[in-house]
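These notes are about the structure you will find just below.
Computed from the coordinates by the stated procedures, all read-outs in this text should not be read as laboratory data. All values reported here derive from a predicted model rather than from experimental measurement. All Cβ positions, even for glycine, are placed from backbone atoms using ideal geometry, and neighbour counts span all protein chains on display.
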Amino acid sequence: MSRKQVFGLVLVLPMLLLGMVSPTVEGSEMSLDFSKEHTLKGIFDAGMRPYREPHSERFQVGVEQVTAEIKLPSGMLVKEREWQSMQFTVVDDGRLTSAQMRSNPLTLEAARDAMLPLLSIESGVSIQALDAFLEKVREEIFLYEGEFHVGTGKKQNPMFLAAFSRTGLKNSPLALRVSLEWRLDPPKAARGFYKDPIPPPPGYEGVSMEKPPFQAEAQAPTPEVTAETQAKPRLVEEPQFAASPTPAMDTNKPASSGFPVVPVAILTAVIAGIVIYLLRRKFT
Amino acid sequence: MWIVHRKAGLFKKIFWTLVLLFPLFGWIAYGAFFRPPSYIDSSDYNEHGQTTGNASDTMNVTIDLTLNATAGGTNYADLFKYTVNGTNAPSGADLPSSGSANFTLQYSANLASASNYTVEFVAINGSASYGNMTVALLPVEVAPEFLKVNSDFDEQKIDSATGYAKPDNADENLKAERGDNQNKIVTDDLHKGFFGVNPNTLPSDFYTGATVTITKKVEEDDDTGRHETGTIRLYAIKDLGVSGEQSTVIPISTGEKPSISSDSPANLAATLYGASSAIPKGEGVTYWIEGVDPGPITLEFKYVKGDLTFSNEQKFKVLTKQTKQQWQEEIRERIKLQTRVAGDEVDVNTHHAGNGLSGNVKQVKAVYAYYQQLYLQHENQFMWAGMARTASASIYAAMADAAQPGAAGAFVGVQFDEVEKALLYGQWLIYADLGWPHRAYEASGINALKYVKEDLNEDFTLTPWTQIDAGIAEEDQDAINAGNRELLRREQTEVVLPAYNIIRIAVPEGWRLTIFNWFAENPMPGGPPIQNVVPDGDITNTAQRWQWIDDTSWGMLAIWNGTASSPLAPSFSSAKRKELVEKDLREAARPYLNYASDVP
């Protein structure tokens, strides 16, 4: 190995090591980082182009069909996924007071994977409770009230809630619903809605915030359950106000490791390549 | 190393390079990612614990009064003169006087009534003692931190004009009108106690020539920036030897009467405390506080007689802290009461989709009547409820069509019994999800919903309600409409989906266009059918259905809110909305029937 090659190796290796712990997630389309601020500008900065919600132009913007991860001030990361829709409520200083997100339809397995890392936000909610709910969905038992959800309540700002919604699709029967609601400081600012339609934030003045025309074929898939593929749906027997799935005491917290698989794989491949190269040089 | 030890082996050099670089990497990672542990800001310590000035000087002092007396939740305020028996002690000074040092008056005993007590007067640094001090302490009663809004229906009163139940806080009469407690005083949701000096505490001559007031102070609600909205009433109840017999209600209220008003509080010295007071006191008399209007409130009790003045101020919340299930139960009881008085009691909790429409007619009507009542009692505010009641005509007709025994013969393969159950199921899902927040807000305001969301962690979104609340307070109809739209979005894109799922299963592919498109008439009378707004649209498709609702030109929401711009769609005025909501359900449903000859 020449001296030049060795120096190159010395320079490359630390860079690869640093890349291994970079907060950037490989392949992420967008990252909504609420860990430092929660503003309309932040939505634009993430690459989204929200439109003003019809009938709610002074209060709310929305986006549809985006792929994004969400970072929260608590350090929690809602991993990258495809979101069918997002709605953000905005006050007149550009801050967000709420964000409501609904994922694209998920298979039962994907729904379980999505909810598992979030179980730890509420004490007393167990994997068994989650699995019991998923089993009801699998068997197409519809509850009269109380689908599965976990949340922080006021223990965190923003309040975080994750829940499932039924989609009506046979193979992907659930959607993940995530809700964030901020308590503003000072609280009285919460009343300061825009007097006119929400304007684009600084730096995006020329960007249109009009909702694009509705295109039926571009929308989320229609429920595709059919009589021949379905067992007869069953309602629970009692129409009483059923409580949410009863939380058990045992809490397992298989939190998301956040292990940077891609950088480590690249690094491993590079090092392996170097080693093989050197070995070949040594023995040939 | 690569220069000095250039002859060293390559692997050795790489190895030591990595070893040496790891600290560098660690340093970078530390700077970038290390988070210091959180800490508790303990700066909010008790200022009274600090000693300033020279405590060994004469007793010309400022007394920073802290009374550490917790006698069964009763606080004590200072009263006029005191005497300190000690070296250099002044006498006959008022509390507080002026001076150069701070002291803490430490007191720990249970005061049963006002009297003279000997209190040890100690310098906080312990270096000087001024012996014992005789001071008269006055028991002052306070309200609880959270005073329940007395807005349920224990008194079972009905407004004869509307047939609607009157909440218990609607008037000052505490006697039940019907039920097991008929003609008895109901104090279930009142706080037993008084605000200020209990009239039974001191002799009446103490009040001769005095002015005693209870004032609702004009303060700002920290959460909203608007004026505090809470109000209360005070009651005296005398045991007349007849169970539940009510003697007198203290003529004190906020809003209706001037006794506790902010700008002209009445002098209560004669009517409440005097020797011949109109309001009873003494043995057998108890006092009660009722939460009337929800929200924070700041009350001040004040006594003025010559140079002598003392007061006690308290900020608390008039708020009902109930679970979602308790609010649902309250609706259930109100519906039972109203329907019982009307002649046919309905328990909505007996609603069960499996029983079909014939087994649920009363329950279905009761739920829709609930929406009707919500809107009529909160016109142009509970817009979702009004829209739901208006739309119920088409749903009720669809239930009747699906329940028609011959319907299956006309549409071969369609499981109409399942459609019927799904429609009933959907109605219940909506009621269970969206019915109770309306009752909680109506009864106890936005803070009742905050409690359910923030403390009990229920699955619902607070934001629409804060928009509605702000809109009502600031007369901003756009904000009200925006909040109601979010409720509608939740209903249509989340809550009702399981029911639509069942309907899709029950209708074969061949009939879908017919049933989900052609028969899909607009629930807003005069509005365009779905195929006009979404060509080939399918009401069981969430996105297409929502477009039918949300289109700004001629969608249902634009029609309902009165903002539709299309010449091909109506745009409802406030009067039109009321007319539609008031309309009899059967009469409103008949035009929507496709197969059945009538609705039950």
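Using a cut-off of 13 Å between beta-carbons, work out the net charge of the residues near B:Pro437 (Lys and Arg +1, Asp and Glu -1, B:Pro437 not included). Please list the in-between numbers first.
Values: positive: B:Lys324, B:Arg439, B:Lys450, B:Lys453, B:Arg490; negative: B:Glu330, B:Asp433, B:Glu442, B:Glu458, B:Asp459, B:Asp469, B:Glu486, B:Glu491.
Counting the neighbours of B:Pro437, the net charge comes to -3.
Given an 8 Å cut-off on Cα distances and at least 6 residues of separation, report the relative contact order of segment B:426-490 as a percent.
21
Can you pull the one-decimal nm distance between simple spin-label points at B:Leu20 and B:Lys578, each 7 Å off the Cα toward Cβ?
Taking the simple label geometry, B:Leu20 and B:Lys578 are separated by 8.8 nm.
Using DSSP to call loops (not H, G, I, E or B), can you name the GluC sites (Glu not before Pro) in segment B:344-438 whose Cβ has at most 15 other Cβ atoms within 10 angstrom? Write out the running numbers ahead of the final one.
Details: sites: B:Glu345, B:Glu379, B:Glu418, B:Glu420; in loops: B:Glu345, B:Glu379.
Hits after loop and neighbour filter: B:Glu345, B:Glu379.
Once the piece of chain linking A:Thr268 and A:Asp113 is laid out straight, how much longer is it, given 0.36 nm per residue of separation minus the C-alpha distance between them? Mind dumping the intermediate values first?
Numbers: separation 155, 0.36 × 155 = 55.80 nm, distance 2.71 nm.
Length gained, A:Thr268 through A:Asp113: 53.1 nm.
Near B:Lys157, which aspartates and glutamates are there with a Cα under 16 Å away, not counting those fewer than 8 places off in the same chain?
Excluding near neighbours in sequence, the set is B:Asp168, B:Asp171, B:Glu172, B:Glu177, B:Asp180, B:Asp188, B:Asp189, B:Glu330, B:Glu333, B:Glu345.
Cross-link partners among lysines for B:Lys421, C-alpha distance below 22 Å, same-chain residues fewer than 8 apart left out?
Within the straight-line cut-off, B:Lys421 pairs with A:Lys136, A:Lys170, A:Lys232, B:Lys362, B:Lys365.
Can you tell which of B:Leu202, B:His227, B:Asn169 lies farthest toward the positive end of the dipole of segment B:146-318, using +1 and -1 charges on the Cβ of basic and acidic side chains (Lys, Arg; Asp, Glu)?
Farthest towards the positive pole: B:Leu202.
Are any of the pairs B:Lys184/B:Lys317; B:Lys321/B:Lys576; B:Lys216/B:Lys321; B:Lys148/B:Lys184; B:Lys281/B:Lys324 more than 30 Å apart by Cα-Cα distance, and if so, which? Write out the running numbers ahead of the final one.
Values: B:Lys184/B:Lys317 28 Å; B:Lys321/B:Lys576 36 Å; B:Lys216/B:Lys321 23 Å; B:Lys148/B:Lys184 21 Å; B:Lys281/B:Lys324 40 Å.
Checking Cα-Cα distances, B:Lys321/B:Lys576; B:Lys281/B:Lys324 exceed 30 Å.
Taking the alpha-carbon distance from A:Lys195 and a cut-off under 12 Å, which aspartates and glutamates remain once sequence neighbours fewer than 8 residues away in the same chain are dropped?
Filter leaves A:Glu57, A:Asp92, A:Asp93, B:Asp476, B:Asp478.
Could you list, in their original order, any pairs among B:Lys175/B:Lys583; B:Lys166/B:Lys450; B:Lys175/B:Lys305 whose Cα atoms are separated by more than 28 Å?
B:Lys175/B:Lys583; B:Lys175/B:Lys305, as the Cα separations exceed 28 Å there.
Summing Lys, Arg as +1 and Asp, Glu as -1, what charge do residues with Cβ under 10 Å from the Cβ of B:His5 carry, B:His5 excluded? Don't skip to the end; give the middle numbers.
Numbers: positive: B:Arg6, B:Lys7, B:Lys12, B:Lys13; negative: none.
That works out to +4.
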